[in-house]
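K.L.:
Sharing a structure with you now.
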Amino acid sequence: MEIRHLQLVESIVEEGSLSKAADKFFLTQSALSHQLKELEQQVGSQLFHRMNKKMIITPVGQRIYDLAKKVLPEIHKTSKEISAITHGLEGEIRLSTECYTSYHWLPPLMKSFNAEYPKVTIKINMNATHNAVDHLLNGKLDVGVTNDILKNDYLDFTEICKDEMVAIVSRSNPLSERKYLVAEDFTNENLIIYSGPLHTVTVYNKVLQPKGIQPRQITELPLTEAAIEMVKANMGVAVFATWAVRPYITDDSVVLKKVTAKGLYRLHYAATLKNSSKPDYLIRFIEFLSSAIQKDGITLHSAG
């Protein structure tokens, strides 16, 4: 049984006759009668009693009509949704970012994006924070904001912004007198990080590990404000993005120091599946992500 068969039965019932149903389909009555006989042969039962010019539905015909009333509206609805997605007007973007503090700029970004694409839903996948690539490859994520480009034939990486990582040091810590910090300066310190694993921590994999330096202690603390308070009490040193800590520096009890003479910078990329048929709204979202971040001042190239 095909969709056209359901449409045929529905039309005959609602139009009341074969001739009126034929007019609706812009077919001859003979052609429509042939289709009806074909369907009756297929189901092995008569669907209508022909009484003069009227078509009286049989119990089997009624079952098919009931099915048509359930199925056809769903098919129509789904077709419209598919059309909207195909033309980039409606859909869903599943998003994740490697940095927990990055999530604070998402609400205003999402609000602005939805003003342009009101029928596109943005969902944040917190579970993919440190394994966006796996989630992308498993079809559980649409965009992953990451700091690393991986060699993978199935992924595209689009650069969206750059920021600087700076060390936050207590004013009472001797390191506060340094012009900048190097790997060896972290040897006797408690390094405060947002979260593991360590290979995702920029200062560790770009500065400490290449020099074979292991801090005295490593403390995971995903709350920026709490981390700053620990630094104020000289209970550790943190290395965070400048834009992430600026709002919490309200006095001179801590100082910001460059990491290495040249500074420590991160590039952020939007990772997506390599697909030539990306919906328009996803392409636009990546463009929007980059421009919105830079417009909001998140891209900072110096510690100031």
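K.L.:
Distance in nm between label sites at residue 171 and residue 252, each 7 Å beyond Cα in the beta-carbon direction?
P.N.:
0.6
K.L.:
Decide, for the stretch 1-149, between rounded, prolate and oblate: order the square roots of the alpha carbon gyration tensor eigenvalues as a ≥ b ≥ c, take rounded if a/c falls under 1.5, and otherwise choose prolate if a/b is larger than b/c, else oblate.
P.N.:
The shape class here is prolate.
K.L.:
For the pair residue 226 and residue 199, how long in nm is the line joining their label points, each one 7 Å along Cα→Cβ?
P.N.:
Going by the 7 Å Cα→Cβ label model, 2.7 nm.
K.L.:
Still on this structure, please answer the following. Got a sec to turn the phi values of the stretch 215-226 into Karplus ³J(HN,Hα) couplings, 6.51 cos²θ - 1.76 cosθ + 1.60 with θ = phi - 60°, whole Hz, x for Gly and Pro?
P.N.:
So the J values, rounded to whole Hz, are x, 4, 8, 10, 10, 8, 8, x, 9, 4, 4, 5.
K.L.:
Output the 0 to 90 degree angle, nearest 10, between the alpha-carbon long axis of helix 106-116 and the longest principal axis computed from the alpha carbons of the chain.
P.N.:
That helix lies at roughly 40 degrees to the long axis.
K.L.:
Which residue, chosen from 106, 12, 150, occupies the Cα position most advanced towards the positive end of the dipole of the chain, where the dipole is computed from +1 (Lys, Arg) and -1 (Asp, Glu) charges on Cβ about the Cα centre?
P.N.:
12
K.L.:
Based on the Cβ-Cβ distance of residue 3 and residue 111, what FRET efficiency does E = 1/(1 + (r/R0)^6) give at R0 = 35 Å, to the nearest 0.05?
P.N.:
Computed FRET efficiency for residue 3 and residue 111: 0.30.
K.L.:
Can you give the net charge of the other residues whose Cβ lies under 13 Å from the Cβ of residue 177, counting K and R as +1 and D and E as -1?
P.N.:
+3
K.L.:
Please say if the stretch 141-219 is rounded, prolate or oblate, where rounded means a/c under 1.5 for a ≥ b ≥ c the square roots of the C-alpha gyration tensor eigenvalues, and otherwise the choice is prolate for a/b larger than b/c and oblate otherwise? Mind showing how you got there, number by number?
P.N.:
Values: a/c = 2.55, a/b = 2.12, b/c = 1.20.
Here the stretch 141-219 falls in the prolate category.
K.L.:
Under a Cβ-only charge scheme (Lys and Arg +1, Asp and Glu -1), can you give me the dipole magnitude of the chain about the Cα centre, in debye to the nearest 20?
P.N.:
Dipole size: approximately 420 debye.
K.L.:
For all pairs of alpha-carbon atoms in the chain, what percent lies in each bin of width 20 Å, listed from the first bin to the last filled one?
P.N.:
Over the chain, the share of Cα pairs per 20 Å bin runs 27, 34, 20, 14, 6, 0 percent.
K.L.:
Oh, and also: Of the peptides 163-172, 39-48, how do they stack up when ordered by the mean number of other Cβ atoms within 10 Å, highest first?
P.N.:
163-172, 39-48
K.L.:
If you don't mind, another one. Specify the angular offset, from 0 to 90 degrees and rounded to the nearest 10, of the alpha carbon long axis of helix 29-43 from the longest principal axis of the alpha carbons in the chain.
P.N.:
70
K.L.:
Next question. With +1 assigned to the C-beta of every Lys and Arg and -1 to the C-beta of every Asp and Glu, and no other charges, what is the dipole magnitude of the stretch 3-86 about the Cα centre in debye, to the nearest 20? Could you put the intermediate results ahead of the total?
P.N.:
Details: 12 positive and 9 negative charges, 31 e Å.
Dipole size: approximately 140 debye.
K.L.:
Another question, then. Highest first, please rank the peptides 267-275, 234-242 by the mean number of other Cβ atoms sitting within 10 Å of their residues.
P.N.:
Packing proxy ranking, top to bottom: 234-242, 267-275.
K.L.:
Compute the relative contact order of the chain as a whole-number percentage, counting only Cα pairs closer than 8 Å that sit 6 or more residues apart in sequence.
P.N.:
Normalised by residue count, the contact order of the chain is 21 percent.
K.L.:
What is the antiparallel percent of DSSP beta bridges lying wholly in the stretch 151-250, to the nearest 5?
P.N.:
On the way: 4 of 10 bridges.
Percent antiparallel among DSSP bridges in the stretch 151-250 is about 40.
K.L.:
So what is the calculated 222 nm ellipticity per residue for the chain, using -39500 (n - 2.57) for each DSSP H run with n of 4 or more, over all residues, to the nearest 500 deg cm²/dmol?
P.N.:
Value at 222 nm, helices only, nearest 500: -11500 deg cm²/dmol.
K.L.:
Starting from the eigenvalues of the Cα gyration tensor, five times each then square-rooted, give me the equivalent ellipsoid semi-axes of the stretch 5-67, largest first, whole Å. Numbers along the way, then the final one.
P.N.:
Details: eigenvalues 53, 30, 25 Å².
In descending order the semi-axes read 16, 12, 11 Å.
K.L.:
Looking only at the chain, where both bridge partners belong to it, what percent of the DSSP beta bridges are antiparallel (to the nearest 5)?
P.N.:
Around 60 percent antiparallel, to the nearest 5.
K.L.:
Assuming a viscosity of 1.567 mPa s and a temperature of 4 °C, what translational diffusion coefficient in µm² per second does Stokes-Einstein assign to the stretch 161-265, Rh being the Kirkwood radius over Cα pairs?
P.N.:
96
K.L.:
Oh, and also: Only Lys, Arg, Asp and Glu count, each charged at its Cβ (+1, +1, -1, -1), so figure out the dipole size of the stretch 161-265 about its Cα centre, rounded to 20 debye. Write out the running numbers ahead of the final one.
P.N.:
On the way: 12 positive and 11 negative charges, 78 e Å.
In debye, rounded to 20, the stretch 161-265 gives about 380.
K.L.:
Taking the Cβ of residue 286 as the centre, find all other residues whose Cβ is under 13 Å away and add up their charges (Lys, Arg: +1; Asp, Glu: -1). Let's see the in-between values first.
P.N.:
Numbers: positive: 278, 284; negative: 142, 156, 159, 280, 287.
Taking every Cβ under 13 Å from that of residue 286, the sum is -3.
Every number in this text was worked out from the coordinates using simple rules, so none of it is lab data. Just so you know, these numbers come straight off a predicted model, no measurement behind them. All Cβ positions, glycine included, derive from the backbone under ideal geometry; neighbour counts span all protein chains shown.
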